[in-house]
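Asks: Questions regarding the structure given below will be posed in turn.
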There are 2 protein chains.
Amino acid sequence: MNLSLNTATVRRQWNLAQIIDGCARHEIRGISPWRDQVASLGLQKTRALIEQHGLTVTGLCRGGFFSEKNWLEDNLRAIEEAHALGAPALILVVGGMPAGSKDLSSCRKQVQDCIAQVLPEARKAGVPLAIEPLHPMQVTRAAVNTLEQALDVCDALGEGVGVAVDVYHVWWDPKLQGQIARAGRRILGYHICDWLPATRDLFNDRGMMGDGLIDLPLIRSWVEAAGYTGFQEVEIFSDLDWWQRDPDEVLRTCNERLTVC
Amino acid sequence: MNLSLNTATVRRQWNLAQIIDGCARHEIRGISPWRDQVASLGLQKTRALIEQHGLTVTGLCRGGFFSEKNWLEDNLRAIEEAHALGAPALILVVGGMPAGSKDLSSCRKQVQDCIAQVLPEARKAGVPLAIEPLHPMQVTRAAVNTLEQALDVCDALGEGVGVAVDVYHVWWDPKLQGQIARAGRRILGYHICDWLPATRDLFNDRGMMGDGLIDLPLIRSWVEAAGYTGFQEVEIFSDLDWWQRDPDEVLRTCNERLTVC
């Protein structure tokens, strides 16, 4: 699989123009930008720079957060941006329960209803929506927490919705292999990093591939067997380590570690 | 439901004799001790003190950790201790992958094999084994991470094995209600605390009931509908908060918060 860089991986060190340039220099052929970075650089300029450097967009991060007030407008705009960038999917981080609520079940129903509401626009724009189940410890950011649950939503909504499989979120799941097979061609993104044995933070302490406990070649084999032919996208949130390093070292290491993926 | 105190809740402040005394003073009628505390106080003395104060043992923590070298001997001893204390279950924290391994699937098979090996002794002693699924973020401590997975193991092993349902570990699970119903009478323990919205640590930052996001009355209603008639056992690991407070305040608060459970 070809490598893609999720721009969160070096977002502390570089702006988006620098990241695009860095990918080209390190011969990383795919890129998956975040919308705040795109907004800073400008949508047209982002598209132009990505084209100019010959990169492939592997996703746009992110839509979702359906418990926020402006969710509808924001998701419609995200679909437009994904279309403009030629992204093969808009990644959805679906959001958690609204403040004060303990009703996880309603929140989950709400997520499905909201996706259903924006789906016609996504279909029209030719932008598949990729539901990304987040690790159960991140339930406050996303109430979709297993691949099985995400696929149940996909089954209910039909064409135009798939999943993003991020090993960090799903590697622990005893049903992972079966659910990846069930997902099949609905896998719209495959994200890699590693689970550190002594994780210090629930959100921003991801490890570099090879530094943790995830059997990456095994999960990759399942994803490939399901028919996925896209990139593998490195996405590392790392407050205490990789966000503090020279970004060229980070990208060099991503390339080197492909041997353990 | 009557209240029980898992002794971990005030283990930093009090020894086991003090905890037993504290439960009696605060009219908490159940207790679930940890084996290291029992060893310090002495098994016979623990039994005598618990009887003398009229407390009911609701579980013994813990057997399991099947990846450790001495697992067999240790689990057989734990069964004997649970029997001696009249515990209705030995709680199993099953352990994670051995050092250096990334083979989660083998680890899980191993867990089931090990339980199968000690099960005849547990049956003979009349001590049910309670598999406690731990939160996926704690996979390094237990490779059983959902109630569904735990019940699949129970189904395979038959009589004498059940589950402990700790809300902290399972509250996020979209299949929770159905799996609690499936568990039925195999629920051997019900543990409560809360999930803090800004959790600071993967192991020791549990919240007091009412301070977090878990809909405790809802989960209790499911557990009761499944036929569980035992105690609800407070188990709070809290490095930064409850372990630093006056233990009498902790026990008083546990009692007060029963109104939100």
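Asks: When you look at A:Y168, is it closer than 26 Å to B:S106 by Cβ, hydroxyl-bearing (S, T, Y) and either more than 14 Å from chain B (Cβ to nearest Cβ) or open to solvent by 10 Å² or more (accessible area, probe 1.4 Å) (or both), yes or no?
Replies: no
Asks: Please go through (1) open to solvent by 10 Å² or more (accessible area, probe 1.4 Å); (2) out of contact with any Phe, Trp or Tyr (no Cβ under 6 Å at 6 or more places or on another chain) for A:P247 and return the number of the only condition it doesn't satisfy.
Replies: (2)
Asks: OK, next. Conditions first: (1) more than 14 Å from every other protein chain (Cβ to nearest Cβ); (2) part of a helix (DSSP H, G or I); (3) not polar (S, T, N, Q). B:I91 passes all but one, so which condition is the exception?
Replies: (2)
Asks: Related question: For region B:1-39, which residues satisfy the criterion of being within 18 Å of B:R245 (Cβ to Cβ), over 15 Å from the mean Cα position of the chain (by Cα) and of a type in the set (S, T, N, Q)?
Replies: Listed by number, the residues that qualify are B:Q13, B:N15, B:Q18.
Asks: When only residues in region A:143-165 that are closer than 17 Å to B:W171 by Cβ and either basic (K, R) or open to solvent by less than 10 Å² (accessible area, probe 1.4 Å) (or both) count, which is nearest to the other protein chains (Cβ to nearest Cβ)?
Replies: Residue satisfying both the conditions and the ranking: A:N145.
Asks: I would also like to ask the following. Out of all the residues in region B:110-129, is one or more closer than 30 Å to B:T56 by Cα, touching a Pro at 6+ places or on another chain (Cβ under 8 Å) and assigned to a loop (DSSP other than H, G, I, E, B)?
Replies: Checked against the condition, which is being closer than 30 Å to B:T56 by Cα, touching a Pro at 6+ places or on another chain (Cβ under 8 Å) and assigned to a loop (DSSP other than H, G, I, E, B), region B:110-129 yields at least one hit.
Asks: Restricting to region B:40-62, name every residue that is open to solvent by 30 Å² or more (accessible area, probe 1.4 Å), over 17 Å from the mean Cα position of the chain (by Cα) and under 18 Å from B:R77 (Cα atoms).
Replies: B:S40, B:L41, B:L43, B:Q44, B:K45, B:R47
Asks: Now for a different question. I need the full set of residues from region B:1-52 which are among the basic types (K, R), within 26 Å of B:R257 (Cα to Cα) and either at pLDDT below 95 or part of a helix (DSSP H, G or I) (or both), in order please.
Replies: B:R25
Asks: Among the residues in region B:207-221, are any within 14 Å of chain A (Cβ to nearest Cβ) and more than 18 Å from B:T259 (Cβ to Cβ)?
Replies: No, region B:207-221 contains no residue that is within 14 Å of chain A (Cβ to nearest Cβ) and more than 18 Å from B:T259 (Cβ to Cβ).
Asks: I've got another one for you. Restricting attention to region B:94-122, and to residues there that are within 18 Å of the chain's Cα centre (by Cα) and small (G, A, S), which single residue is farthest from the other protein chains (Cβ to nearest Cβ)?
Replies: My answer is B:A122.
Asks: Between residues in region B:76-89 that are under 16 Å from B:I50 (Cα atoms) and residues that are of a type in the set (A, V, I, L, M) and surrounded by fewer than 16 Cβ atoms within 10 Å (Cβ to Cβ), which pairs lie under 9 Å by C-beta distance while being six or more apart or on different chains?
Replies: Cβ pairs passing all conditions: B:E81/B:A39; B:E81/B:L43; B:A84/B:L43; B:L85/B:L43.
Asks: Cβ-Cβ under 7 Å, sequence separation 6+ or interchain: first residue in region A:180-204 and within 13 Å of another protein chain (Cβ to nearest Cβ) and free of Cβ contacts under 8 Å to residues at least 60 places away in the same chain, partner open to solvent by 10 Å² or more (accessible area, probe 1.4 Å) and acidic (D, E). Which pairs?
Replies: Filtered contacts from region A:180-204: A:D194/A:D211; A:L196/A:D211; A:D201/A:D239; A:N204/A:D239.
Asks: Give just the number: which of (1) open to solvent by 30 Å² or more (accessible area, probe 1.4 Å); (2) within 17 Å of B:L176 (Cβ to Cβ); (3) not aromatic (F, W, Y) does B:T140 not satisfy?
Replies: Unmet for B:T140, out of (1) open to solvent by 30 Å² or more (accessible area, probe 1.4 Å); (2) within 17 Å of B:L176 (Cβ to Cβ); (3) not aromatic (F, W, Y): (2).
This table checks each residue for (1) out of contact with any His (no Cβ under 9 Å at 6 or more places or on another chain); (2) among the basic types (K, R).
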{"site": "A:I31", "(1), (2)": "no, no"}
{"site": "A:A48", "(1), (2)": "yes, no"}
{"site": "A:R62", "(1), (2)": "yes, yes"}
{"site": "A:D74", "(1), (2)": "yes, no"}
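Asks: So the check is Cβ under 7 Å with 6+ separation or different chains; which pairs have a first residue in region B:23-47 that's farther than 18 Å from B:T58 by Cβ and a second one that's at pLDDT 95 or above?
Replies: B:S40/B:N15; B:S40/B:L16
Asks: Additional query: Checking B:S105 against (1) out of contact with any strand residue (DSSP E or B) (no Cβ under 9 Å at 6 or more places or on another chain); (2) outside any loop (DSSP other than H, G, I, E, B); (3) buried (at least 17 other Cβ atoms within 10 Å of the Cβ): exactly one of these is not met. Which one?
Replies: So B:S105 meets the others, but not (3).
The values are calculated or read from the model by the stated rules, or taken from the named source; none is laboratory data. This structure is a prediction, so every number in the text was calculated from the model and none was measured. When we count neighbours, we look across all protein chains shown, and the Cβ atoms used for this are built from the backbone with ideal geometry, even at glycine. What goes into the accessible areas is simple: the full protein's heavy atoms, side chains included, and nothing from ligands, DNA or RNA. Shrake-Rupley method; radii C 1.70, N 1.55, O 1.52, S 1.80 Å.
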